[in-house]
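Beneath this line is the structure, given in structure tokens, with notes to follow.
Any read-out appearing in this document is the output of simple, stated calculations on the displayed coordinates, not a laboratory observation. Note that this is a predicted model, so its numbers are computed, not measured. Cβ coordinates were reconstructed from backbone atoms using ideal geometry, including for glycine residues, and neighbour counts include every protein chain displayed.
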Amino acid sequence: MKVAQSLTSNYGKIAKDAGADIQSVDGLSQSLTLIKQGRTDATVNDKLAVLDYMKQTSDNKVKIAAELNKETSSSAFAFRKDSGIKASFDKELKAMKKDGTLKQISEKWFGQDVSE
């Protein structure tokens, strides 16, 4: 399978380790263009990035064909060490998760709940 990948990403390594024939690209946009042109078969990439692309462009030619459950990544928020924000931020984030606000935000911006 010919896969469009940025060679500097972890996703490129995943595709290579799976035996894919790698077509080097600069990023996701170029990967998706090559797929739609029929020049490559797929790309391995971040689900949020793909969902964002799909939501922003309403491109119905792009589909998520599979997900690797063993591959996870985390996002973080950075604060100045002496800012005193972390405790109140954590409290609000927990409340947003509990009352469904995070789910609503996810669905608005990505088309599905990605808050887990």
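A few points about this structure:
- Under a 5 Å amide H cut-off, with hydrogens placed 1.01 Å from N, Gln23 pairs with Val3, Ala4, Gln5 among residues at least 5 apart or on other chains.
- Listed by Cβ neighbour count within 10 Å, with the fewest neighbours leading, Arg39, Arg80 appear as Arg80, Arg39.
- Virtual spin-label span in nm between Ala49 and Lys86, 7 Å along Cα→Cβ: 2.9 nm
- Kirkwood Rh in Å, taken over segment 2-57 so that all alpha-carbon pairs contribute: 11.1 Å
- Residue-averaged 222 nm ellipticity for the chain, from DSSP H runs of 4+ at -39500 (n - 2.57), nearest 500: -13500 deg cm²/dmol
- Relative contact order (%) - the chain, alpha-carbon pairs under 8 angstrom, separation at least six: 20 percent
- Per-peptide average of other Cβ atoms within 10 Å, ordering 15-23, 28-36 highest first: 28-36, 15-23
- FRET efficiency for Ile22 and Lys103, using Cβ-Cβ distance with R0 set to 41 Å, rounded to 0.05: 0.70
- Net length gained if the chain between Thr8 and Asn60 were fully extended (0.36 nm per residue, minus Cα distance): 15.9 nm
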